[in-house]
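Before any comments, here is the structure.
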Amino acid sequence: MSDQKTPNNQSNSRSKNDRYDPKTIEPKWQKRWEEEGLYRTVEDPERTKWYALTMLPYPSGDLHTGHWYAMTPSDAAARWRRMSGFNVFFPIGFDAFGLPAENAAIKHNIHPKIWTYRNIERMRGQLKQMGAMWAWDREVITCDPGYYQWTQWFFLKFYDAGLAYRERAPVDWCPSCNTTLAREQVWGEERRCERCGTPVIKKELDQWKFRITKYADELLEGLDKLDWPEPVKIMQRNWIGRSEGAEVTFTTEDGDPIVVFTTRPDTLWGATFMVLAPEHPLVDKVTTPEHRAEVEAYKAEAARKDEIARTAADKEKTGVFTGGYAINPVNGERIPIWIADYVMMTYGTGAIMAVPAHDQRDFEFAKKYGLEIRRVIAGPDGDTGPLEEAYPAKEGFMINSGPFDGTPLPEAIDKVIEWLEKTGKGRRAVQYRLRDWLISRQRMWGAPIPIIYCPKCGTVPVPYEDLPVRLPDDAEFRPTGESPLKYHEGFRHVKCPKCGGDAERETDTMDTFVDSSWYQYAYISPYWKAGEPLSPDDLPWEKAKGDYWLPVDQYTGGIEHATMHLLYTRFFTKAMRDLGLVDFDEPMLRLYNQGMILGPDGEKMSKSRGNVVNPDEYVAKYGADTVRGYLMFIGPWDQGGPWDPSAIEGVHRFLYRVWSVVVDEPKPELVAAEPSPEEVRALERKLHQTIIKVTEDIAGFRFNTMVAALMEFNNALIKAKETPVVGSPIWEQAIRTLVLLMAPTFTHISEELWHRLGNEESVHLQAWPQADPEKAKEEAVTVVVQVNGRVRDKLVVEPNVSRDVLKEMALASPNVQKWIDGKQVRKVIVVPGRLVNVVVG
RNA sequence: GGGUCGGUGGCGGAACGGCAGACGCGGCGGACUUAAAAUCCGCUGGGGGAAACCCCGUGUGGGUUCGAAUCCCACCCGACCUACCA
């Protein structure tokens, strides 16, 4: 610590009657910080940047405990970085498009825009109460035209690059409301419409998609380089779902090819039937007249069931025989073709070869319908006996497989693929579970897709200079929930930019995940070129600023975004790189997922359960610092936990005691007295130990033990204050250090105390205390002496006492003697500075 | 069905091969007070003992080790995510 303290004039500013009053000091400092622009962001090439980002909130209208739990520790970590010398960017904004605004519009007949901005207004006030270092000068609101002009600009860039395309795809449709539904509007196992309760059906509509699958491999491989939590990486890997295998071409008896994908080409000789998805295009053709009625019935049922319950995955498998047969290319066998809804049209080719002996689903299906089960893989021990269940393991060797008999697994898979390619029967292939990203929403409150349909010119993108395609302010909201854009004549009718003739706008808007896929870039220069004509050569932010801040160094947020948002924003960044907008591959280098804060009953907070904790109430009662500290103290940040209304008192009492330690006058007779060197040394040691502990903990997001260390230090100070140490320089250094160490977490009280200690400049601009490891060292350590692993004595010695001396001391101890008496000492384990274990027997 | 995280006092949790229970809540006892609240001080895993001390304890059962809450194997329970992926 470099600053020199001036103990004499400090004590003058302290007064006995001055109690800790968060109600006064918190608004006072929030106002001062804002006036002085303490958290204004400045690009400073002289300093190392740190871009700290926390997931932006949806403006639902009220800041809840979950927001506090997600944001305040994130703020503390960012503040610590700042005090440690980084130039920190910690922006905030609102993810302001989306369904709730539209529901409110219908329910209360209020325009979503008005509802949204009103909520933002309210939440801004609540966010400011947190005492966080938000860069309000860079705030963005995704529903602002100055923001969504760029969302639309990205769409056009993607369209130009072939990354955005239109295709027929099924959507959830409520036949009663006569409208499409978003995924979150479909409720429960029964998949009913949230508004009217009618079972939802699927309907095919033309939909816009982003070609995220182009980056499937890169999204997978990029994970290895990221400092992200392993569970998120695993979820993304599973979501992308890369699997390697082969495509093999079967043929119908009419000679139509049916391509199947399999990860187990080594089991081709065990294919005893084939299954098509009910929607497969060849179903009608292979079905024989005598099976037609049954097949049609099953198709109709499957079409409905597909809607009702994908969730019923564990239900018994069903299917019907089509009457048709296919020829297995590897052995020329004629096998029956079935249709079954356990085969999905959306994965692979929509057709599978069924190998009941080696696939559990096929096995169950074959058992139920009496189809042949032919074992083609012997167990490693040579077992070729009949199977009670499928044998899916990739070990053993091939049997009943003609030329391949005896080929051992797992090499057999590669050998068969090579043979398939040589003979033209199939080829090596990779499949992904990942689908292209469907971004069309038949909704009004989203960024309009900037496309025009012209009867003459076809699909025409809106010219860049005509952006933004603005949402109308006068749309009418019908209780049916239909998109008002479709019925807004002024919006829909437009002149074709190419031929000038009458044309129509696309009325779908974009998925809100599109807005949040690039918001970390928008923060760089909010509303950059808002209202100006754009061109494809533009950059959506000021280049120099972007070069300085990007990419994000630390991202924090909930794990619920593991597969959607976090995959989409990675895709965006990779696409942006290929468009020449950025020169890096990944948007967020580090990620940390906080857990979920639960109600006092240990259950998820929900209005229906009545266990919702309103943070404003506690802020009003204890102040923001207590709420911040309590949320960090509750337990490990990544684990979350229940809100305990009585435990918060502990943190409040701690702050009260800190106040009194720093502010209250020490006893004059103690100040005048001379402390012993031991007393001084003990406080100095604790001081440096605390700096080390707090620094390590805040760096590692271990806020709970960080707060505990601060409490411990304060407890030590309370004791020291009753000794002559209060008159020594070490005391002044200790309370200064306590205030500095508390600053990232308890932002207001530390600022107030810092000023009361006689400082002019904000505590948040101070350098983080540096520990001296020498001064943190213990002079004496307790060495535990065990006999056969049980503690029998303790030795207090200097840390560097040698093994031999420790051994001697341990054996000389009367307590130890008692336990080894009459027994033979077989071994003595000595861990210097820690323990001695005497093994007798 | 698959995946991930977790199971430690009355409660939240700490320790993550070396003194189990830091820190906090709650509880008990004491000080202050006419009294209460607040505040301050002390004690607080269970059992035995007058005490020194001793025994038992980290979901269950095994294993590795001088030594296991911690590492390995099997199982039980809970939370979250995901779901017929060929």
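Of all the numbered requirements in (1) modelled with pLDDT of 90 or more; (2) open to solvent by 10 Å² or more (accessible area, probe 1.4 Å), residue A:177 misses one, and that requirement is (1). The residue that is surrounded by the fewest Cβ atoms within 10 Å (Cβ to Cβ), counting only those in the range A:642-667 that are under 17 Å from residue A:721 (Cβ atoms) and within 9 Å of RNA strand B (Cβ to nearest atom), is A:653.
When you check residue A:745 against the structure, is it out of contact with any Ser or Thr (no Cβ under 6 Å at 6 or more places or on another chain), touching a residue at least 24 places away in the same chain (Cβ under 8 Å), within 16 Å of RNA strand B (Cβ to nearest atom) and among the β-branched types (Val, Ile, Thr), yes or no? Yes: the conditions hold for residue A:745. Selection of the range A:716-730 for residues being within 21 Å of residue A:770 (Cβ to Cβ) and touching a residue at least 60 places away in the same chain (Cβ under 8 Å) yields only A:729. Under the condition of being open to solvent by less than 40 Å² (accessible area, probe 1.4 Å), more than 10 Å from RNA strand B (Cβ to nearest atom), part of a loop (DSSP other than H, G, I, E, B) and not charged (D, E, K, R), the residues counted in the range A:356-381 number 5.
Evaluating residue A:689 against the criteria (1) surrounded by fewer than 22 Cβ atoms within 10 Å (Cβ to Cβ); (2) at pLDDT 95 or above; (3) within 9 Å of RNA strand B (Cβ to nearest atom) leaves one unmet condition, (3). Listed by first and then second residue, the pairs with beta-carbon distance under 8 Å, at least 6 apart or on different chains, first residue in the range A:781-800 and in a loop (DSSP other than H, G, I, E, B) and more than 8 Å from RNA strand B (Cβ to nearest atom), second of a type in the set (Val, Ile, Thr) and open to solvent by less than 80 Å² (accessible area, probe 1.4 Å), are A:798/A:781; A:799/A:781.
Quick one: would you say residue A:433 is among the basic types (Lys, Arg) and in a strand (DSSP E or B)? Judged against the criteria, residue A:433 is not a match.
Whether a residue is in the same structural domain as residue A:739 (by TED's automatic domain parsing), assigned to a helix (DSSP H, G or I) and farther than 29 Å from residue A:778 by Cα was assessed, and residue A:653 passes this test. Residue A:828 meets the stated requirement of being modelled with pLDDT of 90 or more and of a type in the set (A, V, I, L, M). Number of residues in the range A:133-145 that are more than 15 Å from residue A:92 (Cβ to Cβ) and either open to solvent by less than 10 Å² (accessible area, probe 1.4 Å) or among the charged types (D, E, K, R) (or both) equals 1. Among the residues of the range A:211-227 satisfying the criterion of being under 18 Å from the mean Cα position of the chain (by Cα) and open to solvent by less than 50 Å² (accessible area, probe 1.4 Å), which is farthest from RNA strand B (Cβ to nearest atom)? Among residues in the range A:211-227 that are under 18 Å from the mean Cα position of the chain (by Cα) and open to solvent by less than 50 Å² (accessible area, probe 1.4 Å), the one farthest from RNA strand B (Cβ to nearest atom) is A:222. For the range A:597-640, taking the residues that are among the hydroxyl-bearing types (Ser, Thr, Tyr) and under 21 Å from residue A:711 (Cβ atoms), the one that is nearest to RNA strand B (Cβ to nearest atom) is identified as A:630. Among what's in the range A:563-575 and is within 14 Å of residue A:521 (Cα to Cα) and free of Cβ contacts under 8 Å to residues at least 60 places away in the same chain, pick the residue that is surrounded by the most Cβ atoms within 10 Å (Cβ to Cβ). The qualifying residue surrounded by the most Cβ atoms within 10 Å (Cβ to Cβ) is A:573. Tally up the residues in the range A:576-604 that are within 19 Å of residue A:523 (Cα to Cα), open to solvent by less than 50 Å² (accessible area, probe 1.4 Å) and part of a strand (DSSP E or B), please. Of the residues in the range A:576-604, 2 are within 19 Å of residue A:523 (Cα to Cα), open to solvent by less than 50 Å² (accessible area, probe 1.4 Å) and part of a strand (DSSP E or B).
One line per residue, one yes/no per condition, for (1) within 12 Å of RNA strand B (Cβ to nearest atom); (2) buried (at least 22 other Cβ atoms within 10 Å of the Cβ); (3) more than 39 Å from the chain's Cα centre (by Cα):
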position: A:354; (1), (2), (3): yes, yes, no
position: A:383; (1), (2), (3): no, no, yes
position: A:399; (1), (2), (3): no, no, yes
position: A:402; (1), (2), (3): no, no, yes
position: A:405; (1), (2), (3): no, no, yes
position: A:411; (1), (2), (3): no, no, no
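Taking the range A:717-739 as the range and being open to solvent by 30 Å² or more (accessible area, probe 1.4 Å), more than 9 Å from RNA strand B (Cβ to nearest atom) and either assigned to a helix (DSSP H, G or I) or outside the structural domain of residue A:641 (by TED's automatic domain parsing) (or both) as the test, the residues that pass are A:727, A:729, A:733.
Taken over the range A:125-139, the criterion of being in a helix (DSSP H, G or I) and touching a residue at least 12 places away in the same chain (Cβ under 8 Å) is satisfied by A:126, A:127, A:128. The condition (being part of a helix (DSSP H, G or I), under 24 Å from residue A:372 (Cβ atoms) and in the same structural domain as residue A:413 (by TED's automatic domain parsing)) is satisfied by just one residue among A:301, A:290: A:290.
Inside the range A:185-218, residues that are modelled with pLDDT of 75 or more and of a type outside the set (Val, Ile, Thr) make up a count of 14. Taking the range A:73-116 as the range and being under 27 Å from the mean Cα position of the chain (by Cα) and free of Cβ contacts under 8 Å to residues at least 12 places away in the same chain as the test, only A:103 passes. Taking the criterion of being assigned to a helix (DSSP H, G or I) and without any contact (Cβ under 8 Å) to a residue 12 or more places away in the chain, would at least one residue in the range A:686-707 satisfy it? Within the range A:686-707, one or more residues are assigned to a helix (DSSP H, G or I) and without any contact (Cβ under 8 Å) to a residue 12 or more places away in the chain.
For residue A:627, the conditions (1) surrounded by 17 or more Cβ atoms within 10 Å (Cβ to Cβ); (2) modelled with pLDDT under 95 all hold with the exception of (2). Among the residues of the range A:81-98, those identified as open to solvent by less than 30 Å² (accessible area, probe 1.4 Å), hydrophobic (A, V, I, L, M, F, W, C) and under 30 Å from residue A:692 (Cα atoms) are A:83, A:88, A:89, A:90. Out of the residues in the range A:228-258 that are away from RNA strand B (no atom under 16 Å from the Cβ) and not in a loop (DSSP other than H, G, I, E, B), which is most open to solvent (accessible area, probe 1.4 Å)? Out of the qualifying residues, it is A:257.
Residues in the range A:263-283 that are farther than 20 Å from residue A:318 by Cα, within 9 Å of RNA strand B (Cβ to nearest atom) and crowded, with 24+ Cβ neighbours inside 10 Å: 2 in all. No other residue among A:492, A:505, A:428, A:470 is within 30 Å of residue A:332 (Cα to Cα), more than 27 Å from the chain's Cα centre (by Cα) and not hydrophobic (A, V, I, L, M, F, W, C) apart from A:428.
The values are calculated or read from the model by the stated rules, or taken from the named source; none is laboratory data. These numbers were taken from a predicted model, which means no experiment stands behind them. When we count neighbours, we look across all protein chains shown, and the Cβ atoms used for this are built from the backbone with ideal geometry, even at glycine. For accessibility, only protein heavy atoms count, side chains too; no ligands or nucleic acids. Shrake-Rupley method; radii C 1.70, N 1.55, O 1.52, S 1.80 Å.
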